[in-house]
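The values are calculated or read from the model by the stated rules, or taken from the named source; none is laboratory data. Note that the structure is predicted; figures quoted are calculated from it, not measured. Cβ placement follows ideal geometry from the backbone for every residue including glycine, while neighbour counts extend to all protein chains displayed. In case anyone asks, the SASA skips ligands and DNA or RNA and just uses the protein heavy atoms, side chains included. Shrake-Rupley method; radii C 1.70, N 1.55, O 1.52, S 1.80 Å.
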Amino acid sequence: MTALTLSTAAVPGLRADAIVVGVAKGTNGPVVAPGAEAVDAAYDGGLADVLETLGASGGEGEVTKVPAPSGFKAPLILAVGLGAAAEKGAGYGAEALRRAAGVAARALVGAKKAAFALPLADAADAGAVGEGALLGAYSFDAYKENGKDAKGRGGKAPLADVVLLGGKPRDRAYKAAVERAAAVGEELNRARDLINMPPNDLTPAAFAALAQDAAKLHGLKIQVLDEKALTKGGYGGILGVGSGSAATPRLVKLSYTSSKAKKHLALVGKGITYDSGGISLKPAGHNETMKCDMSGAAAVFATVVAAARLGLEVNVTGWLALAENMPSGTAVRPGDVLRMFSGKTVEVLNTDAEGRLVLADALWAASQEKPDAIVDVATLTGAMMLALGSRTFGIMANDEAFRGAIHEAAAAAGEESWPMPLPEHLRKGMDSQVADIANMGERMGGGLVAGLFLREFVGEGITWAHLDIAGPAFNEGGPFGYTPKGGTGSAVRTLVRLAELAAAGELS
Ligand code: BES
Ligand code: MN
Ligand code: ZN
């Protein structure tokens, strides 16, 4: 795990493998960003010229390595591009800093310690650099041969020590920002680990056991319903989806409570540990990444733990709806009717529309506690991916103001999202001949159809939103900014921000 500290050490004498500075795109070539003054002075004010000679422009994502000037204890200066230079008096903004720090941390794989001298306008900027560095330094190597030595990324271990320069280590706001970055960064990285874990190991029972370990460690209340308890309770949705797998389903309730809480936020995560499609089997080409189908549950899990570590003054209940969707002689069939936990009946027309079935039971369970708001998170539909691409999640809600607040919270947290509608006319496509509702409707607007289905299982009068993270949950392309290949930890930062807003009384 990467360590994060604030320091006021002077740069020349600082022992590290590299000093990270920012370079931005000026009108006449690259300019060195604030924070790098001491480094620039050691080049007699010529660092920008040196970087330009080496082909640097200051563009986002660019990395330029320069030998450190003589007299420096660190051997290397790593200049990372920040994009357009900030106007006089304006800062670079949290997300530009987060991305640049992530790019630098990725470029420094194999190094032990790096000092980041990026332009910090305030404590929030220090938090952003810390968060970006921790997220960029992530690697998943638990399954590499000789795990400990032959780390991933070509046998190199991720950057171990991140030192933040230019902040105020004794200032409470800076300390809090760095602690927050560490808690969010570490828990988000743990969510990535869960997503990347192969589905033969991360079964619903294994996921529940990991939640139990975390509950013990962080003093959380936990309740795990196994197959027997789910049967007794009448959770027909979760049981139906899990019925085809030898790895039986679970519903996990993980609660963080604060004695100072005035609000209660419930988070519900889709936790399909593997989505084969079931009897409506997915063809090859569509099932290789389906271990990521528990990304919603991973995000909810990470958020509850982060809320506890940060001591937020809000109650947060996480519901993890865990099941494996497999075809077998005991699997649910197209045509079956399930009696859900809410009492409604659902005709299963397509067993690959399983996420909404497990979520329906968890949403109804969450509703019984009458929380102030429920947010569910799910890799729910390929349609949302077609609509918004691979970096943006869709937000649907039964309350327009709440949907807007989540969209804003996501932007502030550095996550791309977009508000989507729940058009009433799409509901009738799910009318069933035999049951109260079918689990499929019109193909067009499939993401919105899924949202309308979920809405039916939210308790009367409860504010609710649904985040479809099918696009951004799993990065099939190359790494960028602070985002690695594979599990991304999508929605964690948005959910943490929502919990913070709820604690501050600024949400619904
Ligand atoms: N887990 C998938 C959705 C998904 C697709 C997530 C691609 C991430 C990447 C979900 O369970 C699913 O199969 N949805 C179907 C629904 C359809 C059968 C109504 C889909 O989107 O095709
Ligand atoms: Mn599916
Ligand atoms: Zn699925």
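May I ask you to verify whether ALA365 is within 15 Å of ligand 3 (Cβ to nearest atom) and on the phi < 0 side of the Ramachandran plot? No; evaluated as a whole, the condition is false for this residue.
Among the conditions (1) under 29 Å from the mean Cα position of the chain (by Cα); (2) part of a loop (DSSP other than H, G, I, E, B); (3) of a type in the set (Val, Ile, Thr); (4) more than 16 Å from ligand 3 (Cβ to nearest atom), the only one that THR317 does not satisfy is (2).
The helices (runs of 4 or more DSSP H) located wholly in segment 129-224 that include 3 or more residues which are within 17 Å of ARG309 (Cβ to Cβ) occupy 172-196, 204-218. Within segment 247-278, the set of residues being in contact (Cβ under 8 Å) with a residue 12 or more places away in the chain and in a loop (DSSP other than H, G, I, E, B) comprises ALA247, THR248, PRO249, THR257, SER258, LYS260, ALA261, LYS262, LYS263, SER276, GLY277, GLY278. The condition (being under 23 Å from the mean Cα position of the chain (by Cα), open to solvent by less than 20 Å² (accessible area, probe 1.4 Å) and either at pLDDT below 95 or within 16 Å of ligand 2 (Cβ to nearest atom) (or both)) is satisfied by just one residue among LEU363, LEU359: LEU359. Comparison of MET440, MET384 shows that the only residue that is within 16 Å of ligand 3 (Cβ to nearest atom), within 14 Å of LEU452 (Cα to Cα) and open to solvent by 30 Å² or more (accessible area, probe 1.4 Å) is MET440. Only residues that are within 16 Å of THR379 (Cα to Cα) and within 13 Å of ligand 2 (Cβ to nearest atom) were counted across segment 275-294, and they come to 12.
Here LEU281 fulfils each of the conditions (1) aliphatic (A, V, I, L, M); (2) open to solvent by 10 Å² or more (accessible area, probe 1.4 Å); (3) assigned to a helix (DSSP H, G or I) apart from (3).
When PHE341 is tested against (1) touching a helix residue (DSSP H, G or I) at 6+ places or on another chain (Cβ under 6 Å); (2) away from ligand 3 (no atom under 16 Å from the Cβ); (3) assigned to a helix (DSSP H, G or I), only condition (3) is not met. Residues of segment 310-324 that are open to solvent by less than 10 Å² (accessible area, probe 1.4 Å), away from ligand 2 (no atom under 16 Å from the Cβ) and not β-branched (Val, Ile, Thr): GLY318, LEU320. Residues considered: ALA306, ALA323. Of these, the only one that is under 28 Å from the mean Cα position of the chain (by Cα) and within 15 Å of ligand 1 (Cβ to nearest atom) is ALA323. Taking PRO327, is it within 16 Å of ligand 3 (Cβ to nearest atom), without any contact (Cβ under 8 Å) to a residue 60 or more places away in the chain and open to solvent by 10 Å² or more (accessible area, probe 1.4 Å)? The answer is no for PRO327. Residue count for segment 326-352 under the criterion of being within 16 Å of ligand 1 (Cβ to nearest atom), touching a Leu at 6+ places or on another chain (Cβ under 9 Å) and aliphatic (A, V, I, L, M): the result is 4. For the residues VAL375, VAL346, the requirement of being open to solvent by less than 40 Å² (accessible area, probe 1.4 Å), assigned by TED's automatic domain parsing to the domain that holds VAL224 and away from ligand 2 (no atom under 16 Å from the Cβ) singles out VAL375.
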